[in-house]
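One structure is given below, encoded as structure tokens.
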Amino acid sequence: MQPTPRTTRLAEVPSPHRTTSIRFHKLAALAALPLSLVGCRHPGFPETPAGYREYAYVSNGGTNTVSVLDLVYLRSDRTLQVGSQPSALLANPVRNEIYVVNTQSGSISVIDALANNVVATIPVHRMPVSIDVDPTGHRAFVSNSGSNSISVLDLDQRREIAEVPAEQPGKAHLSPDSRSLVVPSQASGSVSIFAVGAIPQPGVLSSKEVPLSRRAHFTGCPGADSTVILPDSSKAFVACSSAHQVMALNLAAANASWSARQDPSLTTDRLLTMVEVGSTPIHLALKPDGGEVFVSNMNSDSISEIATQTNDVGGTYMIGTKPVSGIVSEDNSRLFVSNSGDDSIGLYSIDDGKLVSSLHTGSGPSSLAFSADEHLLLAVDAHSGDVSVIRTLSKLGPNLFTILPAGSGPNAIVTKVVSRQPRV
């Protein structure tokens, strides 16, 4: 039997990241490496099966485009024209589709990740700012901040099926059990929780279906923005970015659930506490196991660690200048934080409770994303218009590998492994 052919990523180049005084023009030169290097084998990179395809998608608010980056060969693949002022992205969990929120043009662009082209544009309403998709991949929820509403989309038909009132909605998040949609409002300093109706089987219409209805509303969270929901859907945490607190909320359990039978009070949405953190908590990062939330305190140059069972702060640690985003490894051991003020990624060891290294990037790192195997960490460099590619695993520890070009004003990134299975 012949061995399965393999594909390897771009060979590592001598990294200029040997000192902390490196200049950005040296980093940018990495992006111009000749493509003759592509495909060279390097023992430090994991092998991938023949035909394996994985891409990163970067929305560029300044050029109304999405940059497509090939994560197998680490090169720019193409640039797609989308709507005006793209500001958010989401990958469908079961389909080869990427959704682009076009804030200025009031629409959602649909990218076919298999062909990497725009195949549809779904009109929504004024100033959409976020999109979330249910785990089946059939339904989406779009926050229209300029229309004070939430659009419910049928992704099979690629159309809006309902519009529900919401007060200046921000970045909405659907709970893992698909029962609750948590919608912060940065402008009004409040958080609304919506009950999500049952999703009918594909092709089955129901006139009695109520796709979304407001269940609870909480005030007192100035600048309510970044939100995380625990894997068991029991709690939500919302960053009050104009203050120094994180709002902890109980999400109503189903009446017939085990937890509700043990404690009937859990069937009600309620405010649990306001957790004191640092100044300008701008982003929340949740451990995959749900045990802790890490808060990026932008104006305190620190992160706060919240234990989700007790809602207490376990510690606050200096991380870098103006931290704006974080992401936790799948094994729950490492937190990477983008520091927009000093052009670095801070690596924090969760087990050891300390900063272990600082990695230089392009200018103004912001949004972060892992490759599927977490061998690569991608950081959107908002000021320099590119993406820093960090090797997370190597003999010398995490290091900057290369920088790939994006467009003007990049602001969000998602990754997607392309499946050749038929659309569901």
Counting just the residues of region 149-158 that are touching a residue at least 60 places away in the same chain (Cβ under 8 Å) and either in a strand (DSSP E or B) or in contact with a helix residue (DSSP H, G or I) (Cβ under 8 Å, 6 or more places away or on another chain) (or both), which one comes out surrounded by the fewest Cβ atoms within 10 Å (Cβ to Cβ)? Val152
So in region 164-187, with the set limited to residues that are touching a residue at least 24 places away in the same chain (Cβ under 8 Å) and of a type in the set (S, T, N, Q), which one is farthest from Leu251 (Cα to Cα)? Gln186
Out of all the residues in region 287-297, is one or more small (Gly, Ala, Ser), within 30 Å of Glu160 (Cα to Cα) and surrounded by 21 or more Cβ atoms within 10 Å (Cβ to Cβ)? no
Which of (1) over 17 Å from the mean Cα position of the chain (by Cα); (2) more than 21 Å from Pro281 (Cβ to Cβ); (3) in contact (Cβ under 8 Å) with a residue 24 or more places away in the chain does Ser329 not meet, given it meets every other one? (1)
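Table: residues versus (1) buried (at least 23 other Cβ atoms within 10 Å of the Cβ); (2) in contact (Cβ under 8 Å) with a residue 40 or more places away in the chain; (3) closer than 21 Å to Gly197 by Cβ.
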| position | (1), (2), (3) |
| --- | --- |
| Val100 | yes, yes, no |
| Ser109 | yes, yes, no |
| Ala115 | no, no, no |
| Val118 | no, no, no |
| Pro123 | no, no, no |
| Val129 | no, yes, no |
| Pro135 | no, yes, yes |
| Ser143 | yes, yes, yes |
| Glu160 | no, no, yes |
The correct count of residues that are surrounded by fewer than 22 Cβ atoms within 10 Å (Cβ to Cβ) and more than 16 Å from the chain's Cα centre (by Cα) in region 405-419 is 6
Return the residues of region 244-284 that are farther than 20 Å from Ala307 by Cβ, aliphatic (A, V, I, L, M) and either at pLDDT 95 or above or in contact with a helix residue (DSSP H, G or I) (Cβ under 8 Å, 6 or more places away or on another chain) (or both); say none if nothing qualifies. Ala252, Ala253, Ala254, Ala260, Ile282
Just one of Ala252, Ala256 is crowded, with 20+ Cβ neighbours inside 10 Å and hydrophobic (A, V, I, L, M, F, W, C); which is it? Ala252
Report yes if some residue within region 347-357 is closer than 18 Å to Ile282 by Cβ, touching a residue at least 60 places away in the same chain (Cβ under 8 Å) and aliphatic (A, V, I, L, M); otherwise report no. no
Of the residues in region 210-227, those that are in contact (Cβ under 8 Å) with a residue 24 or more places away in the chain and either on the phi > 0 side of the Ramachandran plot or part of a loop (DSSP other than H, G, I, E, B) (or both) come to Pro211, Gly220, Cys221, Pro222, Gly223
It is to be established whether one or more residues within region 133-141 are more than 25 Å from Ala254 (Cβ to Cβ) and of a type outside the set (Phe, Trp, Tyr). no
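The values are calculated or read from the model by the stated rules, or taken from the named source; none is laboratory data. What you see is a predicted model; the values in this text were computed from it and never measured. FYI the Cβ positions are ideal-geometry reconstructions off the backbone, even for glycines, and counts take in every protein chain you see.
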